[in-house]
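Data first, discussion second: the structure below is written as C-alpha cells.
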Amino acid sequence: MSQNMNFLRNVFVYKCLFAVTFWNHVSLSVENKLLTRVSNNFQEDGSDEKIKSLPLVYTNRLQSKASFDWVVIQNTTESLSLSEITNGNVEQLIALLSNFRQGSRLQNLTLTNVSVDWSALMKLLQTVWHSSIENFNVNRVTQLSDIERYAFDYSGTSMKALTVKKFLVTDLYFIQDHVYRIFADMNIAEMTVAESEMIHMLCPLSDSPFRYLNFLKNDLTDLLFQECDKLIQLETLILKWNKFESLPKVSFMTSQMKSLKYLDMSNNLLYHDGADVQCQWAESLTELDLSSNQLADAVFECLPVNIRKLDLQNNQISSVPKGVADLKSLEELNLASNRLADLPGCSGFPSLQFLNIEQNSILTPSADFFQSCPRVRELQAGHNPFKCSCELQDFIRLERRAGGKLFGWPSAYTCEYPEGLRGTELKDFHLSELACNTTLLLVTALLLTLVLVAVVAFLCIYLDVPWYVRMTWQWTQTKRRAWHNHPKEQETVLQFHAFISYSERDAPWVKDELIPNLEKEEGCVRLCQHERNFIPGKSIVENIINCIEKSYKSIFVLSPNFVQSEWCHYELYFAHHKLFSENSNSLILILLEPIPPYVIPARYHKLKALMAKRTYLEWPKERSKHALFWANLRAAININLP
C-alpha cells in the first residue's frame, strides 16, 4: 500500500512539472523557445528514485503564470545555472531546490545577479546546504536588507566547494561577525570569497575541514588568522590582491597551519626591512608566491626553510645575500623583473634546478654560474640589457657548453650596449681573439706607448688637470652668459634667484651644503625651496609652476635618487618647457652622484638629452675643490632681484 502511495505521489509531481513546462512553452516568444526533455528511464517501480532522477526542464527564460522569472543559463541533469534572482522569485527558487535532496543527480549550481534580503539569502544558502549540490557558485550578489544573526545549521550537507564572487553589502552598519561567522564555520573542503571588499575573516570555532581557501581581490590585512590554530587541514591558501604589508606577520599567520603546502601572497604591499624579527613559517609549506610586492634583499632572511618553489618576481631585489638564506630544498626560484646586476650563486640553494632572472639589470653575467650551480637544469636569463663586450664572450661560450640549459636562446638574448650593436642576438656577436686578448708581441710593441700614456694619465689624475680645466671653462662660460644677460624686464616679477629641485633622499646635502653656502651672506642669494616656499592650499603642480616662473634659474640636483622621483620629473618638465617657451637659459644641472645611462627610465628622455647637450656642474668629493664649485654656481645665478 505504501509503495502504491509513493508511486501515485511521484506521478502527480511529474505531471505538475510537465503541466508548468507545457504552459511555459505556450507563453514564450519565438526567441525564447522551451525545450523539454522527458527521461526515458522513468520506471514505475514506486521508489523515491523517480523524483531524484527527474530530468530538469531546459529553457532560456521562464516567464509564466507560475511566477518563475529567473534566467536559466545552463541546465543538465547534473548542473544548473540561473540568473536574475530577486526577492520576487527567491521563494519559488527555494521551493524548487528543496526537491533535490541528498542523493539526487543535481550536483552543480551557479547563481548570477542575486539581489535579495539577508534572511532570504541565508534561507537559500541553507536550502542548498541540505540538498544534493556539491559545488555552489554565486556571482554578483547584492544584499538588500539589514544583516542579522542567523543560526546556520551545518549538519548533513553534500557540499564540497562554495564560491562567492562580487558580494556587495548595502548595510553600512552591521555586526561583521554575523557575516564572517557563517563562512568561517563551514564544514566543507573548499571555499572562495573573491572580489568582495572583505576586510576580515574569523578563525573557525573548531578544527576546520578546509583544505582550500581563496580570498582573491579583497581588502584583507595583516590581522587575518593571527593566532588561529583551527586550520590544521588547510593545504592551499590564496590571498592575492589584498592589503598585507608585514612579511613576518604573514609567516606567523601560517605557523599553526600544519598542512599548508601552497601560499599565494602576490600583488600585495609586503615588505621586510630586515629588523631583528624571527619569522615562523609553517614547516609543511613548500610553494610560496611573493611576486609583485615591495620586497628587497632582506626577504631572504624571512623565508620558509622547507620551501621548494619560490616566486619573487617583480620586487625590488638588487642582490641575493650570501650566507643568509639556507634553503636546502629549494628547486625553483623566480627572480624576474627585479634589480639584479649579476647571476646569483647557489651557496644557499644546493638543490636549485630552475632559475628565472629575466628582465633585470644584468650587463655581463658571470660565466662560472653552472660551476657553482651544478644541479640547475634550466636558466631563464633573457631580456636583460646585455653589454656585448669581451667579458660577454665567456657567457656565450657557456651556452655552447651548457647543452640547451638557457631557456629562450637565442631570441631572448640580444645586445643592449653599445648602441651600434643594439638588437644583435648574442649568438651573432663575435670578437676576434686579438681584440680580447693581449699577446706578448702586442705588449712589447705597445710598451713604450703604454708607459707614456700611464705617466700622462697619472699626472692628470694626480693634479686634477681635467677637472680644473672643465670647471674653469664652465665658470668662464657662465660669467660670459651673465654679462650678456639683461634681466630688466624680469625684475618686477622675479622673486628668487633659483628654484631647487631634488629628491627627498638627497635633502641632507641640499640643506647642509647647498642652501647654507648660497645663502650664507645675508641678502646675497634667495633660494626657493618647496618646504618653505610652497603656498599651502595650492596643488603641488601649481606650486612648482609658480616657483619656477618666479625664479631666475632652476637648479636640479641630479643623482640616481632624482630619476626615481616622480615629482622631480614634473619639475624638470616644467623647467624644460620654460627653457623653450621663453628662449631662456634658466637650467642649472648639478650632478651630485654619477647616473649610469641604463638607470635613467625611458620617460626621462628630456634629462638624457639635457645631460648629453648641456653643461652641468659636478659636485667634487675633494673638499679643496668646493670653493671653485660654489663660485661657479653663484656666477650662474648672478642677478639683481627687487
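A few notes on this one:
- Here the range 318-431 is treated as an ellipsoid with the same Cα gyration tensor; its semi-axes, largest first and in whole Å, are 24, 14, 12.
- Sparse-neighbourhood loop sites, trypsin sites (Lys or Arg not before Pro) in the range 493-529 - DSSP loop, at most 13 other Cβ within 10 angstrom: Lys520
- For Phe100, no residue whose modelled amide H falls within less than 5 Å of its own remains once neighbours fewer than 5 places apart on the same chain are excluded.
- Close amide-amide hydrogen proximity is noted between Glu618 and Leu591, each under 5 Å apart and 5 or more residues distant or on a separate chain (H modeled in the peptide plane; Pro and chain starts excluded).
- Our Cα-only numbers for the range 382-425 put the radius of gyration and Dmax at 10.3, 30 Å.
- Ranked by the mean number of other Cβ atoms within 10 Å per residue, highest first, peptides 325-338, 616-629 order as 325-338, 616-629.
- Surface exposure of the range 85-210, expressed per residue as accessible area with a 1.4 Å probe, stands at 44 Å².
- D_trans [Stokes-Einstein, Kirkwood Rh over alpha-carbon pairs] for the range 212-315, 25 °C, 0.890 mPa s, µm² s⁻¹: 184 µm²/s
- Total formal charge among the other residues, if their Cβ is under 12 angstrom from that of Asp185, Lys/Arg +1 and Asp/Glu -1: -1
- Neighbour-limited loop hits for GluC sites (Glu not before Pro), the range 88-189 (at most 14 other Cβ within 10 Å; DSSP other than H, G, I, E, B): Glu148
- Hz values of 3J(HN,Hα) by residue in the range 403-414 - Karplus curve (6.51, -1.76, 1.60), Gly and Pro given as x: x, x, 7, 7, 6, x, 6, x, 5, 8, 10, 10
- Sequence-ordered 3J(HN,Hα) estimates for the range 192-205 from the Karplus curve with 6.51, -1.76 and 1.60 and θ = phi - 60° stand at 10, 10, 10, 6, 10, 6, 6, 9, 6, 8, 7, 6, x, 6 Hz, glycine and proline given as x.
- All C-alpha pair distances within the range 307-371, sorted into 5 Å bins from zero, spread as 4, 18, 28, 31, 17, 2 percent across the bins.
The values are calculated or read from the model by the stated rules, or taken from the named source; none is laboratory data. Just so it is clear, the structure is predicted and the values come from calculations on it, not from any experiment. For neighbour counting, all protein chains shown are included, and Cβ atoms are generated from backbone atoms with ideal geometry for every residue, glycine included. These area figures cover heavy atoms from the full protein model, side chains too; ligands, DNA and RNA do not enter into them. Shrake-Rupley method; radii C 1.70, N 1.55, O 1.52, S 1.80 Å.
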